[in-house]
Amino acid sequence: ITIKETFIRKNKNNEIFVSFKLSTNVEKGTDSLQYAYYVYCKGIKEPIEKIMYSSKETLLYKVKHPGKYKVKIFVRNGTQKVLASTATVDI
């Protein structure tokens, strides 16, 4: 599994939308791939939100306070796990 690209954008409802492109020999949408997301806000060392592993291939996150946000994406398949970070977006 390789995360080739990550995408982050904000929408008019103060939500962050995150998606990514994978390179894998496992088909997306199968039960063997799981995804988790950690949401970070600039100035705060720890994640402000941890969305644990599920089958959700994208993230839509409602921002509670203005700031600069980024998301760490985790993808796992059995024992293999990879991660990537998005760019930062201003909300």
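The values are calculated or read from the model by the stated rules, or taken from the named source; none is laboratory data. Please read these numbers as outputs of a predicted model, since none were measured by experiment. Note that each Cβ is placed from the backbone with ideal geometry, even for glycine, and that neighbours are counted across all protein chains shown. Keep in mind that these areas ignore ligands, DNA and RNA; they rest on the heavy atoms of the full protein, side chains included. Shrake-Rupley method; radii C 1.70, N 1.55, O 1.52, S 1.80 Å.
Output yes when any residue across the range 75-85 is in a strand (DSSP E or B), in contact (Cβ under 8 Å) with a residue 12 or more places away in the chain, out of contact with any helix residue (DSSP H, G or I) (no Cβ under 9 Å at 6 or more places or on another chain) and more than 18 Å from Lys4 (Cβ to Cβ), and no when none is. Checked the range 75-85: no residue is in a strand (DSSP E or B), in contact (Cβ under 8 Å) with a residue 12 or more places away in the chain, out of contact with any helix residue (DSSP H, G or I) (no Cβ under 9 Å at 6 or more places or on another chain) and more than 18 Å from Lys4 (Cβ to Cβ).
Kindly indicate the residue of the range 34-69 that is in a loop (DSSP other than H, G, I, E, B) and open to solvent by less than 70 Å² (accessible area, probe 1.4 Å) and also nearest to Ile8 (Cα to Cα) among those meeting that condition. This residue is Thr58.
Per-residue answers, yes or no, for (1) among the aliphatic types (A, V, I, L, M); (2) at pLDDT 90 or above; (3) in contact with a Cys (Cβ under 7 Å, 6 or more places away or on another chain); (4) over 15 Å from Val89 (Cβ atoms):
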{"residue": "Glu27", "(1), (2), (3), (4)": "no, no, no, yes"}
{"residue": "Lys56", "(1), (2), (3), (4)": "no, yes, no, yes"}
{"residue": "Leu60", "(1), (2), (3), (4)": "yes, yes, no, no"}
{"residue": "Pro66", "(1), (2), (3), (4)": "no, yes, no, no"}
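Restricting Thr79, Thr88, Thr6, Thr2 to residues that are touching a strand residue (DSSP E or B) at 6+ places or on another chain (Cβ under 6 Å), open to solvent by 80 Å² or more (accessible area, probe 1.4 Å) and not acidic (Asp, Glu) narrows the list to Thr88. Among the residues of the range 55-91, those identified as among the polar types (S, T, N, Q) and under 12 Å from Tyr40 (Cβ atoms) are Ser85, Thr86, Thr88.
Inside the range 40-64, can you point out the residues that are within 10 Å of the chain's Cα centre (by Cα), of a type in the set (A, V, I, L, M, F, W, C) and farther than 22 Å from Gln80 by Cα? Within the range 40-64, just Leu60 meets the criteria.
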